[in-house]
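Undergrad: For reference, the structure I am asking about is given below.
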Amino acid sequence: RIVLAEDADPVRRTRAAEAIGEFMDPHGVPFLRDALSDTDARVRAAAVAGLGRINSPAGNDGIVQAFSDRDATVREAAVAQVLYVNFFRNHDDLMGLLADENVDVRRRAALALGTFRVPEASPALVAMLDDTNAMARQAAAWSLGRGGGADARAALLRRQAIEEASLVRDAIEVALRM
């Protein structure tokens with residue numbers, strides 16, 4: 001905890017955050033939340049991963065805080081944690097990441113929303129079917145198949161008619177069968 005809070009070396013601070021997460025001690029949550037304001041993105045990403053590893057509801061607000069980090073690797077690490085922690089219910093915050101500038105963040109957020117079957121995400125996921133990145137469109141299609149309704153199905157059919165990428169067409173086909 002002292003290394004995480006006070007050491008000048010970001011590599012040692014990163015390792016300290018990783019170690020705190022590996023201990024899976026809920027008493028480490030406040031220290032990892034504090035580390036989310038570290039100047040080094042590696043430390044912040046390790047801190048959010050540690051919060052996920054501890055899997056305490058007290059850490060969920062820290063994971064959501066990391067959704068707005070200036071570094072995409074930290075945002076991506078935060079999205080990855082929502083599938084591992086119990087009691088994550090901040091779906092509205094997760095939906096905001098569907099418009100993230102980073103394609104991996106958008107893709108992971110879409111997949112998480114599909115896993116959680118969040119019907120409120122359907123309009124944003126339908127819009128994501130027009131994403132410039134095929135992997136993002138693929139994730140949106142899968143997620144719409146998991147949690148969409150009649151509007152999602154109609155959007156998938158419209159996209160299927162014009163989609164050029166085979167991986168997206170395949171995802172749409174699977175989504176329509178869900």
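The values are calculated or read from the model by the stated rules, or taken from the named source; none is laboratory data. Small disclaimer: the values here were computed from a predicted structure and weren't measured. Backbone-built Cβ (ideal geometry, glycine too); neighbour counts: all protein chains shown. For the accessible areas, the whole protein counts, side chains as well, though only heavy atoms, and no ligand, DNA or RNA atoms are used. Shrake-Rupley method; radii C 1.70, N 1.55, O 1.52, S 1.80 Å.
Undergrad: In degrees, nearest 10, range 0 to 90: what is the angle between the Cα axis of helix 134-147 and the longest Cα principal axis of the chain?
TA: 80 degrees
Undergrad: Kindly rank 39-45, 142-148 from highest to lowest mean number of other beta carbons found within 10 Å of each residue.
TA: Numbers: 39-45: 19.4, 142-148: 23.6.
In decreasing order of mean packing, 39-45, 142-148 become 142-148, 39-45.
Undergrad: Please work out how much accessible surface Asp170 shows to a 1.4 Å probe, ignoring ligands, DNA and RNA, in Å² rounded to 10.
TA: Result for Asp170: roughly 90 Å² accessible.
Undergrad: Cut-off 16 Å, label point 7 angstrom out along Cα-to-Cβ of Ala19: give me the residues of segment 48-73 whose amide nitrogen falls inside.
TA: From segment 48-73, the list is 50.
Undergrad: Using every alpha carbon pair in segment 77-126, what percent of pairs falls into each 5 Å bin from 0 up to the bin containing the largest distance?
TA: Bins of 5 Å from zero give 4, 23, 39, 23, 9, 1 percent of pairs.
Undergrad: Give me the extension gain from Asp151 to Asp40: residue separation times 0.36 nm, minus the current Cα-Cα distance, reported in nm with one decimal. Intermediate results must be reported in sequence, preceding the final value.
TA: On the way: separation 111, 0.36 × 111 = 39.96 nm, distance 4.29 nm.
Taking 0.36 nm per residue and subtracting the Cα distance, the gain is 35.7 nm.
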